[in-house]
Each structure stands twice: as structure tokens, then as C-alpha cells.
1. So which residues in segment 29-47 are touching a residue at least 12 places away in the same chain (Cβ under 8 Å) and either in a helix (DSSP H, G or I) or crowded, with 16+ Cβ neighbours inside 10 Å (or both), if there are any at all?
2. Checking the structure you have, find out if any residue of segment 94-108 is in a strand (DSSP E or B), surrounded by 23 or more Cβ atoms within 10 Å (Cβ to Cβ) and at pLDDT 95 or above.
3. Mind checking which pairs have a first residue in segment 186-201 that is surrounded by fewer than 22 Cβ atoms within 10 Å (Cβ to Cβ) and a second that is among the β-branched types (Val, Ile, Thr) and part of a strand (DSSP E or B), Cβ under 6 Å, 6 or more apart or different chains?
4. Looking only at segment 287-322, which residues are touching a helix residue (DSSP H, G or I) at 6+ places or on another chain (Cβ under 9 Å), modelled with pLDDT of 60 or more and part of a helix (DSSP H, G or I)?
5. Of all residues in segment 325-357 being assigned to a loop (DSSP other than H, G, I, E, B) and not polar (S, T, N, Q), which is surrounded by the fewest Cβ atoms within 10 Å (Cβ to Cβ)?
6. Looking at segment 19-62, which of the residues that are aromatic (Phe, Trp, Tyr) and out of contact with any strand residue (DSSP E or B) (no Cβ under 7 Å at 6 or more places or on another chain) is farthest from Pro396 (Cα to Cα)?
7. Search segment 7-28 for residues being touching a residue at least 24 places away in the same chain (Cβ under 8 Å) and in a helix (DSSP H, G or I), and hand back the single one that is surrounded by the fewest Cβ atoms within 10 Å (Cβ to Cβ).
8. Please return the ranges of strands (runs of 3 or more DSSP E) entirely within segment 160-216 where 1 or more residues are more than 21 Å from Leu102 (Cβ to Cβ).
Amino acid sequence: MNFLWFHLMPYMDLPADFRAKNPSVWVDIDPALFDPARAHQMYNDYFDELEYAAKVGFDAICVNEHHSNAYGLMPSPNLVAMALARATKDAKICVLGNSIALYNPPTRVAEEFAMIDCVSGGRLIAGFPVGTPMDTCFAYSTNPSQLRQRYHEAHDLIVRAWTEPKPFAFNGRFTQQAHVNAWPRPIQKPHPPIWIPGGGSVETWDFCVDNDYVYCYLSYGGYKIAQDTMKGFWKVVDQAGKERNPYRAGFLQFVGVAESRQQALDLYTGPAEYFYGRCQHIDPRYAGPAGYVTEETQRAGLTGQVARVADRSKRRRATEMSEIVDEGYVVLGTPDEVVEQIREVATSLHVGQLMPLLHFGDMSKETTFTNTRLFAEKVIPKLKGLFGDYEDHWWPKPFAASSVAAE
């Protein structure tokens, strides 16, 4: 089983009355709330946390892309990944990912990902999300009815740019390039492993299974409400006649570890309530534009998690810690308690790529280090052998381990 330390990089100084005075944490959040001097400290603390996670033994460190929001301060995860490629040695670098429908031309992604793969020595995991409606349709004004078409065309162009032996012309609906000739090219052949973050749609399941990509459910709401989503994915795997290999699935889970349960509550109540009360304050106007959700997904009765979060934000006040824990949003407790809960997460969802979110909300760097160290030292060793009977076909192959290096 692999453990990938995931960071959202949230803005940590939203005021206590944020929900009452602001319609949304995304798209139209008041620019006056952003303090560049405080962001300077946050960014540097966040790099320290990511580098610390790599140092204490996590298999990978994860970053992602969001725009016009205080939920996640990474408009360009590739900048973060490049810095980490230089600052770390062994941990894999998972970018979950680039919202490829937003890039014009998408070959920019092919080039930047290849550069990260070269600098890191072949440690890159390349993530291609469709993107949230807030990021894609509102912050970047992409027509929601064209979003998936743009996404698929961008995917095809990027993969061809990595794998075609000669320069070629590309004449798509949205991108036309007379000369596609990606320099640099990735170390990993035919290309870095591709993982697809998703929130629960039939099309994403099909796309992952058809292409043998990892499906990553980046859940806001924990493992209990993720059961139906993951069952839907594994049903598609079964229908395609492919192996139920747990390494073809990933899952994000909020986690808080401490020496006692009371200490865990003391440490993590504030950050959890900050995250679910402020960072999850999404205006329903931005959660489900017409055309974003496809007809097939609607007919299947699936509701995207962004829409669910927005609906919850509209109907209720900030979620209390007791509810957060009871509903499984955050796995909380002593190392032994967390081991058993994570075992349940992994086995019930059948996921071999687990992404614990160990910094959330306005958690301090000191608390994040404590959470990360306890998870690395007292949780990972007891779970690392889970799913040991399966081979992970979706993990990076660094240069040092390649046949070229061996020669």
C-alpha cells in the first residue's frame, strides 16, 4: 500500500464571520481578505511541511491546481512540484493535477511535466483532472458544455506529444498546431503514470478503466459517504473484465493522530471546524453550471461532491467537530485507533493509493509536523503490507532504477 502526503495549501486567515459576510470561498471571494505578507509565511511553511513529509518516509507528496479561492493557494502546481523535485530525493511527486482543459495549447503541460520528470529523475505522477466548475467554468470562463471535449482533446495531444517519435501536426477542434515537438521529454517510458482525480462521474470511471489510469477520489466528506462512489468505479472495472487491483484506485482522507484521543480533539478541532466551516463555504450558484454534469451521470443519479458541499453550505452552519468525526470526514485518534480506521478505509473502498490529508484548515506548522511524524512512525509501518499480493502497475519508475541507469 502506498501513502501519499497531500496538501491543499489553504489560506489560513479567513475571519470568524467569513460565512456571514461572504457568499463563497471560491470565485467571488473578496480580494481584500488576501494579505501577501501572511501568504509569504504560509507558502514557506507549506513547503517545509511537504519536504518534511518526504523526509520522514511518505511514498509521495501531492499538490493540485485551483483558482480564485481561499480553499487552495496553488494556481500552478507545477511551480510547487518543480521546487519539490529539487528539494527532495526519493519521494515521488504527484501532481493531481493540471486542469488540462484550461491550457492553450495543452502542449505546455506536456513540456512542464516532462521537465519535472527529468529534474526529479523520473519520480513524477501526472494528474489530469477535469477540474471543478468553480475553477474551470467560472474563474476561467470555459463553456461547461465543452469542458469534457476540451479535456479529452488536450489529453490526446499531451500523450501524443510524449510518445510520437517524430514531430507532427495536430488539427483538433480547440487546438491547432502545425509543429508539435515536445522538448524536453519525460524520463519515464512511454510516459509518467497518469492518475485522474474525480468527484464521482460515470465518464471519469469509464475513462480511467478504458485507459488503465488510476482513479483518485479526492473526497471532502470522508470514507463513509464515499462507499457508493467507489462501488460504482469497481463495477465499471468488473464490467470491463479487468483485474480488481486496488492500486488502480486512490482516495483522500483527512486524518488527525495524537498520543491520546483527547489530545487529538484538542489539536484538530479548530483546524477541522475552520476547514468545514470556511474553506467549504461554496455558493451553489458556482457548483453546477448547466452542461457541466453529463446526461449519463445525471441518469445514473449521481451528484458531484462539489454540488453536495455547496448544498450543505447553504443549508447549515459550520459543521461541529462531533459531526465531523461521527460522519467519517476526519479519521481521528491515537495511532492504534487510526491504524484500524485507515485499514477500514482501505479495505472497504479497496484502494491501494491512500492520500492522507494531514494539514487542513488553519493548522499550525508545529501541529502538522506532529500529525505527519506520528502517522509516518506509528501508522504506516502497520499498514504498508496491505494489498501485498497485488502488483502496482501505476507507480513511477525513477531513473536510478531503470535499465538505462543500470547500464
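1. Quick first cut of segment 29-47, residues touching a residue at least 12 places away in the same chain (Cβ under 8 Å) only: 29, 33-35, 38-39, 42-43, 45-47.
Answer for segment 29-47, where residues must be touching a residue at least 12 places away in the same chain (Cβ under 8 Å) and either in a helix (DSSP H, G or I) or crowded, with 16+ Cβ neighbours inside 10 Å (or both): Ile29, Leu33, Arg38, Ala39, Met42, Tyr43, Asp45, Tyr46, Phe47.
2. In the first step, residues of segment 94-108 are kept if they are in a strand (DSSP E or B); the result is 94-95.
Restricting the remaining residues to those that are surrounded by 23 or more Cβ atoms within 10 Å (Cβ to Cβ) gives 94-95.
Restricting the remaining residues to those that are at pLDDT 95 or above gives 94-95.
Yes - at least one qualifying residue is present in segment 94-108.
3. Pairs that qualify, where the first residue is surrounded by fewer than 22 Cβ atoms within 10 Å (Cβ to Cβ) and the partner is among the β-branched types (Val, Ile, Thr) and part of a strand (DSSP E or B), are Pro193/Ile125.
4. Those that are touching a helix residue (DSSP H, G or I) at 6+ places or on another chain (Cβ under 9 Å), modelled with pLDDT of 60 or more and part of a helix (DSSP H, G or I): Glu296, Thr297, Met321.
5. That would be Glu327.
6. Narrowing segment 19-62 to residues aromatic (Phe, Trp, Tyr): 26, 34, 43, 46-47, 52, 58.
Narrowing the set further to residues that are out of contact with any strand residue (DSSP E or B) (no Cβ under 7 Å at 6 or more places or on another chain) leaves 34, 43, 46-47, 52.
Numbers: Phe34: 37, Tyr43: 27, Tyr46: 24, Phe47: 22, Tyr52: 21 Å.
Per the stated criteria, the residue is Phe34.
7. Of segment 7-28, the ones touching a residue at least 24 places away in the same chain (Cβ under 8 Å) are 7-14, 18-19, 22-28.
Subset that is in a helix (DSSP H, G or I): 18-19.
On the way: Phe18: 20, Arg19: 18.
Per the criteria, the residue is Arg19.
8. Working: elements: 168-171, 176-180, 194-198.
Ranges flagged: 168-171, 176-180.
The values are calculated or read from the model by the stated rules, or taken from the named source; none is laboratory data. All figures in this text were calculated on a predicted structure; none of them were measured in a lab. Positions of Cβ are backbone-derived with ideal geometry, glycine not excepted, and every protein chain shown enters the neighbour counts.
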